[in-house]
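Asker: Submitted below is the structure of interest, expressed as structure tokens.
The values are calculated or read from the model by the stated rules, or taken from the named source; none is laboratory data. All values reported here derive from a predicted model rather than from experimental measurement. With ideal geometry, Cβ positions are generated from the backbone for all residues, glycine too; neighbour counts draw on all protein chains shown.
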Amino acid sequence: MGEPWTVHPATVHVISALGGTARRVSALPARAQLSWSPDSAWLAVATAPAVGDAPGGIHLISMATGEARAITRPDPPTFHLAPTFSADGRAVAYASCQRLDLCDVYVVQLDADLKPSATTGLLVRQPVPITGTAWTRDGRWIVYANFAWSEELNTLWRVRVTAHDAPEGIEFGGRAQFQSVATGVDRLAFVRHHQDADVYRLLPGNAPSAIVKSTRVEFHPRYSPDGLQLAFESGGRVAVAKSGSRTPMARVLCN
């Protein structure tokens, strides 16, 4: 369904885990993360804002009837993303974004009929896009992933639901997105995104050769006016290397 911060909507389909033909369950213009209710009767989806007559926000879609029920209605330009049901099905966490680089984590409480009864206000504010949310199985924490153009800064965080504590970074969650928490055991799965770009030099009559190479992403190289140094970005850091060396040793200027 595309990246969660894009505005290109999609429709929701389901298919048997054994394969077969997919069935469209709703024409609602949805995007990004989906979340099943614990009884598999509903899907929580984020809708593309201001598409036709469909209000933006988080909707619940009935698997039986295709009914789409709004449980959040943001006022533009705010938009909501990345919904996820709690283990008991009585709450949905989501990201509320005022713009692409300013997102909050909220929780909407649901009654026995899965209609919104209350909203837990701002749990955490991050100056980056939030690409996914997930509840821990005890319902005490929400795990969320942020997105940064430097993959080194993509990471997983957790925030306590019942207290306004500062979010805690999950140490092993670097370069992580699209997390999912198991409901029966204490297990967390996620996608670790990896890419590598290096700085090459092209001399007339020669093949391109790497002059700065590492497991990080290096880009935006700039020679100094005297041609003796090369500045570049590496994994979200600014570094400088001597340009005349065949294997230049870079020094980091700032993080």
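Asker: Report whether or not Arg73 is under 16 Å from the mean Cα position of the chain (by Cα) and either of a type in the set (Lys, Arg) or farther than 25 Å from Gln177 by Cβ (or both). Give the steps one after another, and end with the answer.
Answerer: On the way: under 16 Å from the mean Cα position of the chain (by Cα): no; either of a type in the set (Lys, Arg) or farther than 25 Å from Gln177 by Cβ (or both): yes.
When the stated conditions are applied, Arg73 does not pass them.
Asker: Just name the residue that is nearest to the chain's Cα centre (by Cα) out of those in the range 178-231 that are surrounded by 10 or more Cβ atoms within 10 Å (Cβ to Cβ) and acidic (Asp, Glu).
Answerer: In the first step, residues of the range 178-231 are kept if they are surrounded by 10 or more Cβ atoms within 10 Å (Cβ to Cβ); the result is 178-183, 187-193, 196-201, 209-214, 216-224, 228-231.
Pick out the ones that are also acidic (Asp, Glu) and you get 196, 198, 218.
On the way: Asp196: 20, Asp198: 25, Glu218: 23 Å.
Top of the filtered list is Asp196.
Asker: Return only the number of the condition from (1) more than 30 Å from Ala22 (Cβ to Cβ); (2) at pLDDT 90 or above that Leu60 does not satisfy.
Answerer: Going through the list (1) more than 30 Å from Ala22 (Cβ to Cβ); (2) at pLDDT 90 or above, Leu60 breaks only (1).
Asker: Given the criteria touching a Leu at 6+ places or on another chain (Cβ under 8 Å) and surrounded by fewer than 18 Cβ atoms within 10 Å (Cβ to Cβ), does Gly89 qualify?
Answerer: Details: touching a Leu at 6+ places or on another chain (Cβ under 8 Å): yes; surrounded by fewer than 18 Cβ atoms within 10 Å (Cβ to Cβ): yes.
In short, yes.
Asker: In the set Ala112, Ala44, Ala145, which member is closer than 21 Å to Val161 by Cα and at pLDDT below 90?
Answerer: Unique residue meeting the criteria: Ala145.
The rows are residues; the columns are (1) surrounded by 17 or more Cβ atoms within 10 Å (Cβ to Cβ); (2) closer than 18 Å to Leu102 by Cα; (3) outside the structural domain of Ser180 (by TED's automatic domain parsing).
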position: Ile15; (1), (2), (3): no, no, no
position: Gly20; (1), (2), (3): no, no, no
position: Leu60; (1), (2), (3): yes, no, no
position: Pro76; (1), (2), (3): no, yes, no
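Asker: Name every residue in the range 60-76 that is assigned to a loop (DSSP other than H, G, I, E, B) and of a type outside the set (Gly, Ala, Ser), in order of residue number. Walk me through how you get there before you give the answer.
Answerer: Within the range 60-76, the subset assigned to a loop (DSSP other than H, G, I, E, B) is 63-67, 71-76.
Of everything in the range 60-76, those that are assigned to a loop (DSSP other than H, G, I, E, B) and of a type outside the set (Gly, Ala, Ser) turn out to be Met63, Thr65, Glu67, Ile71, Thr72, Arg73, Pro74, Asp75, Pro76.
Asker: Say whether the condition of being part of a loop (DSSP other than H, G, I, E, B) and either outside the structural domain of Ser234 (by TED's automatic domain parsing) or modelled with pLDDT of 90 or more (or both) is met by at least one residue in the range 118-126. Can you show your working first?
Answerer: Here is the first cut: in the range 118-126, the residues part of a loop (DSSP other than H, G, I, E, B) are none.
The answer is no, given that none of the residues of the range 118-126 is part of a loop (DSSP other than H, G, I, E, B) and either outside the structural domain of Ser234 (by TED's automatic domain parsing) or modelled with pLDDT of 90 or more (or both).
Asker: Let me ask something additional. Considering the range 188-226 alone, what residues qualify as being at pLDDT below 80 and touching a helix residue (DSSP H, G or I) at 6+ places or on another chain (Cβ under 8 Å)?
Answerer: Matches in the range 188-226: His193, His194, Gln195, Arg216, Val217.
Asker: Let me ask another. Report yes if Ser35 is in contact with a strand residue (DSSP E or B) (Cβ under 8 Å, 6 or more places away or on another chain), at pLDDT below 90, in a strand (DSSP E or B) and small (Gly, Ala, Ser), otherwise no. If you could, list the steps in order and put the result at the bottom.
Answerer: Numbers: in contact with a strand residue (DSSP E or B) (Cβ under 8 Å, 6 or more places away or on another chain): yes; at pLDDT below 90: no; in a strand (DSSP E or B): yes; small (Gly, Ala, Ser): yes.
So Ser35 fails the test.
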